[in-house]
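Trainee: Please see the structure below; I have some questions.
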Amino acid sequence: MPPVFRFAPSPNGYLHLGHAYSALLNHDLARDSGGRLLVRIEDIDATRCRPEFEQAIYEDLGWLGIAWETPERRQSEHFSAYRAAVDRLSAQGLVYPSFESRADIARLVAERESGGAWPRDPDGAPLYPGAAKSLSAEDRDQLFGQGAPFALRLDMAAACARAGSLRWREAGEGPAGERGDAAARPEAWGDVILARKETPTSYHLSVVIDDALQGVTDVVRGVDLFWSTSVHRLLQELLGLPAPAYRHHRLIPDAAGQKLSKSTQATGLRELRAAGASPADIRRLVGLP
């Protein structure tokens, strides 16, 4: 079977040079290997994703000369698939609800840090500090009955014990030069959120389900997502899903050497195109032939 690649942007802003590099790299790898290229719209955040940004994504990719298979998969149209995956994990006893607000969690972290630094995940966010896992069934039912907001979290310790040691094949390079056989460390993320009351999925869960359902064989994405692969490998193992090959690539920095943002107009594809840049110029700017 030919390899299957995917470019999976979120329509919450306009594409910039960093997106262009990732899209072009996926396109080139698919072309050179005789493979397929998919475009997936990761639009689970209904508050930030907008149709005009989705349309702009297609326009920018077409202008770059990228061809992909249609129709595109929109995550917002497949919540039932993600909900079913959460149900499967719940049936294994690996999911529990937490009811703290973001403000509650910030307060708990501050309290914990009065006695020393509280552990952070690879993105720098504090690990979940609450005790929702120990709530009684009666207390949970009461909170549900009151309509309290909640997040469904993965019991990381139990999940890791069930899955055992996990690895993945890294064809690119991690932040510390990791290559080849990479060891997954999902425990570094703590009890990650799988879904919320208002959104029945999360990035980690939906990307794993989508890659499996779409037959993605090669995940090519930025090195900022390198350690997210640990959580993805864990969910793949728990749900009996295949593990693609991974290739994490360098990021395109802004003038200050920082990761690009969709608010960085100087590197936005629409702005560069309006200023007279050509697709060949974009390839040169991101270091592709």
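Trainee: Which of the numbered conditions does Pro97 fail, given that it passes all the others? Conditions: (1) modelled with pLDDT under 95; (2) under 22 Å from the mean Cα position of the chain (by Cα).
Mentor: (1)
Trainee: Examine segment 9-32 for a residue that is assigned to a strand (DSSP E or B) and in contact with an Asp or Glu (Cβ under 6 Å, 6 or more places away or on another chain), and state whether such a residue exists.
Mentor: No, because not a single residue in segment 9-32 is assigned to a strand (DSSP E or B) and in contact with an Asp or Glu (Cβ under 6 Å, 6 or more places away or on another chain).
Trainee: I've got another one for you. Take the residues of segment 169-187 that are part of a loop (DSSP other than H, G, I, E, B) and among the acidic types (Asp, Glu): which is most open to solvent (accessible area, probe 1.4 Å)?
Mentor: Glu173
Trainee: Filter segment 277-289 for residues that are under 16 Å from Asp60 (Cα atoms) and open to solvent by 60 Å² or more (accessible area, probe 1.4 Å); which is modelled with the lowest pLDDT?
Mentor: Leu285
Trainee: Could you give every pair whose Cβ atoms fall below 7 Å, whose first residue belongs to segment 153-168 and is surrounded by fewer than 17 Cβ atoms within 10 Å (Cβ to Cβ), and whose second residue is in a helix (DSSP H, G or I), counting only separations of at least 6 or pairs across chains?
Mentor: Sorted first by the residue in segment 153-168, then by its partner, the pairs are Arg162/Leu238.
Trainee: Right, here's the next one. How many residues are outside any helix (DSSP H, G or I) and surrounded by 16 or more Cβ atoms within 10 Å (Cβ to Cβ) when one looks only at segment 73-109?
Mentor: Selection size over segment 73-109: 9.
Trainee: Is at least one residue of segment 224-231 touching a helix residue (DSSP H, G or I) at 6+ places or on another chain (Cβ under 9 Å), surrounded by fewer than 21 Cβ atoms within 10 Å (Cβ to Cβ) and outside any helix (DSSP H, G or I)?
Mentor: So far as segment 224-231 goes, no, none of its residues is touching a helix residue (DSSP H, G or I) at 6+ places or on another chain (Cβ under 9 Å), surrounded by fewer than 21 Cβ atoms within 10 Å (Cβ to Cβ) and outside any helix (DSSP H, G or I).
Trainee: If only one of Gly190, Gly124 is at pLDDT 95 or above and either among the polar types (S, T, N, Q) or surrounded by fewer than 16 Cβ atoms within 10 Å (Cβ to Cβ) (or both), which one is it?
Mentor: Answer to the selection: Gly124.
Trainee: Let me ask something additional. List every residue pair whose Cβ atoms sit under 8 Å apart, with the two residues 6 or more apart in sequence or on different chains, where the first one lies in segment 66-80 and is in contact (Cβ under 8 Å) with a residue 24 or more places away in the chain and the second, anywhere, is open to solvent by 50 Å² or more (accessible area, probe 1.4 Å) and in a loop (DSSP other than H, G, I, E, B).
Mentor: Qualifying pairs under 8 Å: Ser76/Ala46.
The values are calculated or read from the model by the stated rules, or taken from the named source; none is laboratory data. All values derive from a computational prediction rather than experimental measurement. Every residue, glycine as well, gets a Cβ built from its backbone with ideal geometry; the counts of neighbours run over all protein chains shown. Ligands, DNA and RNA are excluded from the accessible area calculation, which covers all protein heavy atoms including side chains. Shrake-Rupley method; radii C 1.70, N 1.55, O 1.52, S 1.80 Å.
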